[in-house]
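First comes the structure, then the notes that go with it.
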Amino acid sequence: MTNSKNPETIALHAGWRKDATTNSVAVPIHQTTSFQFNDSDHAANLFSLSELGNIYSRIMNPTCDVLEQRVAALEGGVGALALASGQAASAFAIQNLCTAGDNFVASSHLYGGTYNQFKNPFSDMGIEVRFVDPADPQNFLNATDEKTRAYYGEVLPNPSFEVFPLQEVADLGRPLGIPLIVDNTAAPVICKPFDHGASVLLHSTTKFIGGHGTSIGGILVDSGKFDWEKHPERQPKLNQPDPSYGGAVWTEAVKPLGPIAYILKARVTLLRDMGGAMSPFNAFMFIQGLETLALRMREHSSNAAKVVKFLKDHNKVERVIYPSEVAQDRANKYLSGGHGALMGFEINGGRDAGKKFIDSLEMVYHVANIGDARTLAIHPATTTHSQLSESELLSAGVTPGFVRLSIGLEHIDDILADFDQALSKA
Ligand code: PLP
């Protein structure tokens, strides 16, 4: 199964054909903690990485492995690492490169949980985040110094929906040895960040990949295209002996295995040491979700485009925030096959009208989630982004009357009818 197939096909076939002993077509749930070694040499080879294979399910598991291969193939990467949540994926993405005294530059347009993770626990660990407005890519360069290890952004930043300038920022970092890491949670299939210069990406699989609101998970994907050795002083974690793994120099150690230094190190050091593994059952759930991901993204996008039109024409709506409305050029450049399910809008009457709208919804769910098959709504200023200060809210693109929507797969007439009746009461 090659990456040259289309996403619909990759999502059904990559990484698995059938079970070798039972011929099962569905991927089995390997609900086991550990794996019998064939003999002592086999065990020693696995631990020394001279042979790759299963040791213990905190570090690898065959069900998670199929999910990892499938998402890596879908994104055009060389390897992936399934994790317990999207939060674990963003933490590992940075911790794999940064240690105390280092910094990274991140877009200020981020999911509130990621923003808090970067600002608080990371600063407690001595890793400094430098938030910049991604509207001007040069801001990334201006915030860079010799200790900057990565640039970080969200492809479809939740909740501003201004499409991230992928190529522009990647091109600034590459000559300095700085990779661009992006969160592609909101734009699977419709954006291929590795085609636009990103080097590492992640998903909260909780959202569109799962697609049915049942399981929490995350995944980190390595493009295999970043030259970690070119500027060894810029990336010491990958180019200097790692005392936590017998002095391995990761860029050297992986040479017989392919360009997987970043993702292998994340697995055998961070996942080994910090935990945060995805359960095999959740991996199974995400594999089911992946099978219809492309189909769902098309339908989510099509329904969302109709909701945009409806809201724009409505006299109670002040502003609609959707990639085609707020970042048309970048949406055309980086998104294909639709602009996704997520949008926001402001009602005339601000905060109170927004709250009334949410409380009047009858079918649409009021939940702190996105990417479900059902249509969801939330008021970020009082929920997902409530720990942010007024100025942080504004720099994240959250105004007091902003309502965020994740448009689902119900019939469009029913979605519009619920919005219409709720707007009439707001
Ligand atoms: N990234 C984005 C864009 C998200 O919206 C979220 C959660 O809402 C996360 C990451 C964190 O994912 P999780 O809830 O799986 O930890």
Open to solvent by less than 10 Å² (accessible area, probe 1.4 Å) and over 29 Å from residue 294 (Cα atoms) - does that describe any residue in segment 50-71? no
When you go through (1) closer than 17 Å to residue 15 by Cβ; (2) within 14 Å of the ligand (Cβ to nearest atom); (3) open to solvent by 20 Å² or more (accessible area, probe 1.4 Å) one by one for residue 111, which number turns out not to apply? (1)
Selection from segment 80-104 of residues that are open to solvent by 10 Å² or more (accessible area, probe 1.4 Å), more than 16 Å from the ligand (Cβ to nearest atom) and either under 23 Å from residue 26 (Cβ atoms) or touching a helix residue (DSSP H, G or I) at 6+ places or on another chain (Cβ under 8 Å) (or both): 99
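Per-residue answers, yes or no, for (1) open to solvent by 10 Å² or more (accessible area, probe 1.4 Å); (2) away from the ligand (no atom under 16 Å from the Cβ):
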residue: 342; (1), (2): no, no
residue: 366; (1), (2): yes, no
residue: 378; (1), (2): no, no
residue: 385; (1), (2): no, no
residue: 388; (1), (2): yes, no
residue: 392; (1), (2): yes, yes
residue: 401; (1), (2): no, yes
residue: 420; (1), (2): yes, yes
residue: 425; (1), (2): yes, yes
Need at least 2 residues that are open to solvent by 20 Å² or more (accessible area, probe 1.4 Å) per element, so show me which helices (runs of 4 or more DSSP H) inside segment 203-282 make the cut, counting only ones lying wholly within it. 236-239, 250-253
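The values are calculated or read from the model by the stated rules, or taken from the named source; none is laboratory data. These numbers come from a predicted model, not from an experiment. Counting neighbours? That spans all protein chains shown, and the Cβs are built from the backbone with ideal geometry, glycine included. Note: accessible area is taken over every heavy atom of the protein model, side chains too, but ligands, DNA and RNA are not part of it. Shrake-Rupley method; radii C 1.70, N 1.55, O 1.52, S 1.80 Å.
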